[in-house]
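These notes concern the structure reproduced below.
Nothing in this text is a laboratory measurement; each read-out follows from the coordinates by a stated rule. The model shown is predicted, which means the values in this text are computed figures rather than measured ones. Positions of Cβ are generated from backbone atoms using ideal geometry, with glycine treated the same way; all protein chains shown enter the neighbour counts.
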Amino acid sequence: MDLGLDLGLDLGLAPDEIALRARARAFAHDVARPRAAQIDRDEQYPWDVVKALTEAGFAGMTIPKALGGQGRSFLDAVLVIEEMAKACTVTARIVVETNMGALSTVMAYGSEAQKKLVAALVLEGDKPAICITEPDAGSDTTAMSTRADRRGDHYVINGKKHWITGAGVSRLHLIFARVFDERGEELGIGGFLAVRDDAKGLRVTKREQTMGLRGMPEGELTFENLEVPASMAIVPPSGPRRGFADLMNAYNSQRVGAGSVAMGIAAGALDLALDWAKTREQFGRPIAEFQGLQWMLADMQTQLTASRLMLYQAARSRGADGSAFPDPMLAAQAKIFASETAITIVNNALQLFGARGYSRELPLERMARDVRMFTIGGGTAQVLRTLVASKMLGWKLPQTRDGYVPKASLRDAAE
Ligand SMILES: Cc1cc2nc3c(=O)[nH]c(=O)nc-3n(C[C@H](O)[C@H](O)[C@H](O)COP(=O)(O)OP(=O)(O)OC[C@H]3O[C@@H](n4cnc5c(N)ncnc54)[C@H](O)[C@@H]3O)c2cc1C
């Protein structure tokens, strides 16, 4: 059961959106849920689920119809992601990456040839990888050292990335690197598309040992003289020098997706806790009769409904003012709130089960491990707060490497 939705509060969804959600719920029940525990145990990427998602049309839903997709909205994607995440987090993340993320970057800024290439790969079930983070460049993305040197009609990429989702299973890679022209002059940070099948200089050099989300490989990638045709460089409208901000703007779609996975995990955990509270008896009565637990349940539902509303609002903001991505403020706030409250909700759901919650026979311990990632990946909760505050204040991000920005430069930034 899903209060807030099943009580008739459909939060402004259209009949088509409700129908899509019902289809996703059925898929999650029939395909994703039965596989979730084994995917976690085996730590194997679930190619069978990918195939089923692709056949059911949940991969590449947001690709425009002209490119073979369904032209669906980000809200549609959010509805599907939530249903999948209730059952299996890895499945939900595949839906995120095949509808948002690198795909939305290419759809916004790519050439026609790039869009066709990426649409074809994703519609075949490929989950593109986004390669930004490096050992010495985490939250401070601009500290990245991977470089792309122009050599005639191609670029040569050298460097190392880590914590790349899909390392070893993704075919398409969107690689961020410092761009240098033929004379060795730096132009800024750019994005490059490489397909692993024909990319000789791209190697997976380590698999991260993760706490949760174990069926989705996270890995280190090493680029050694990786040659990428110049036609595979993504140049946003603001040009190579200022293009990095545009490219990072695409992360607002990924944030809505990540927040939706967290919210879906929380919804799944709350469903379990609610059923358990009604059936488990102690002191001669169902534990749901204890007011302390009723208030816990009420708080969990309230947090969940607030997260859901924030995520729907952020998803709906895409396209406003012609933007290809959700509003940065709404996306950041939704991700902060949904990811933090989801950790609390799952933790409290586990608590309501007593010792059973701590057992590997129930999915709650897996959910508690999986949900922990969403305040970290895709912009940490702290860095996103900095983004929100900087927009509120009308300043650029008020931080430098030494953490201090002279007042004068803040004034300049505001002007
Ligand atoms: C499961 C998972 C999947 C990921 N997938 C990808 C991927 O596909 N592609 C990719 O490129 N990256 C990926 N990442 C990396 C992720 O984006 C980074 O982990 C994240 O940006 C933080 O960088 P960091 O881990 O180096 O932490 P750091 O930047 O070293 O941060 C350490 C701590 O300091 C805080 N902090 C840092 N700067 C500030 C500041 N200015 N103000 C306040 N607090 C600050 C952080 O919030 C954090 O608590 C993934 C990470 C995880 C865990």
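With both labels modelled 7 Å from their Cα along Cα-to-Cβ, the Arg385 to Glu208 distance reads 2.2 nm.
Full extension of the chain between Leu362 and Thr302 yields a length gain of 19.2 nm, computed as 0.36 nm times the residue separation minus the alpha carbon distance.
Summing Cβ point charges (Lys, Arg +1; Asp, Glu -1) relative to the Cα centre of segment 246-338 gives a dipole of roughly 40 debye.
In the structure shown, the pairs Lys160/Lys200; Lys51/Lys161; Lys116/Lys335; Lys160/Lys391 are assessed against 20 Å; a Cα-Cα span above that value is assigned to Lys51/Lys161; Lys116/Lys335; Lys160/Lys391. Computed from point charges on the beta carbon alone (+1 for Lys and Arg, -1 for Asp and Glu), the dipole magnitude for segment 16-79 about its Cα centre is near 140 Debye. For Phe27, neighbours were defined as the other residues whose beta-carbon sits under 12 Å from its Cβ, and their charges (Lys and Arg +1, Asp and Glu -1) total +3.
Farthest toward the positive end of the dipole of the chain, out of Val50, Met300, Ala389, is the Cα of Ala389, where the dipole comes from beta carbon charges about the Cα centre. Once the cut-off is 20 Å, how many percent of the Cα-Cα pairs in segment 228-344 end up in the long-distance tail? Taking all Cα-Cα pairs of segment 228-344, the fraction more than 20 Å apart is 56 percent. Placing dummy labels 7 Å off each Cα toward the beta-carbon, the span from Glu340 to Lys278 is 3.2 nm. The length gained by stretching the chain between Glu185 and Arg241 to full extension, at 0.36 nm per residue less their Cα-Cα distance, is 19.0 nm. Across segment 179-195, computed HN-Hα scalar couplings (Karplus, 6.51 cos²θ - 1.76 cosθ + 1.60, θ = phi - 60°) run 9, 10, 7, 4, 8, x, 7, 6, 9, x, 9, x, x, 9, 9, 10, 9 Hz from first to last residue, x flagging Gly and Pro. Given their separation in residues at 0.36 nm each and the Cα-Cα distance between them, Asp140 and Ile376 gain 83.6 nm when the chain is fully extended. Taking amide H as placed 1.01 Å from N in the peptide plane, the amide H of Ser145 sits under 5 Å from none that are at least 5 places away or on another chain.
Under a 5 Å amide H cut-off, with hydrogens placed 1.01 Å from N, Lys206 pairs with Glu220 among residues at least 5 apart or on other chains.
What you get for the chain, charging only the Cβ of Lys and Arg (+1) and of Asp and Glu (-1), is a dipole of about 300 debye around the Cα centre. Membrane-span-like helices in the chain, defined here as complete DSSP H runs extending at least 30 Å along the helix axis by their C-alpha atoms with mean Kyte-Doolittle hydropathy no lower than -0.5, are 251-279, 291-316, 328-352; this is a sequence and geometry rule, not a statement about a membrane. The H on the amide N of Glu227, modeled in the peptide plane, is under 5 Å from the matching H of Ile157, Lys200, Gly201, each at least 5 residues off or on a different chain.
Measuring gaps between exposed loop sites in the chain (chymotrypsin sites (Phe, Trp or Tyr not before Pro); DSSP loop; at most 16 other Cβ atoms within 10 Å), the longest gap, sites not included, is 1-282.
In the chain, the DSSP-assigned H stretches of four residues or longer account for a calculated mean residue ellipticity at 222 nm of -15000 deg cm²/dmol, using -39500 (n - 2.57) per stretch and the full residue count as denominator.
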